[in-house]
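The values are calculated or read from the model by the stated rules, or taken from the named source; none is laboratory data. Computed from a predicted model, the values in this text were never measured in an experiment. Using ideal geometry, Cβ is built from the backbone for each residue, glycine included, and neighbour counts are taken over all protein chains shown.
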Amino acid sequence: MAFLSELVRFLFSRRSRMVLIPFVLVLLVFAVVFVVAQGTAWAPFVYAVF
């Protein structure tokens, strides 16, 4: 239980925002790629990555 409380405290601290920004940006880029490539010939290649 202490681990979860420390994790939540870290995620909401000011220092963690600088750590989480790159991860959020990468997730947003992948989301845009999935939406754009949904109906195109690129879809099998994008889905093969995962």
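Worth a mention:
- Residues of segment 1-23 satisfying the condition of being part of a helix (DSSP H, G or I) and surrounded by 10 or more Cβ atoms within 10 Å (Cβ to Cβ): GLU6, LEU7, VAL8, ARG9, PHE10, LEU11, SER16, ARG17, VAL19, LEU20, ILE21
- Residue in segment 23-30 that is among the hydrophobic types (A, V, I, L, M, F, W, C), at pLDDT below 75 and under 19 Å from the mean Cα position of the chain (by Cα) present: no
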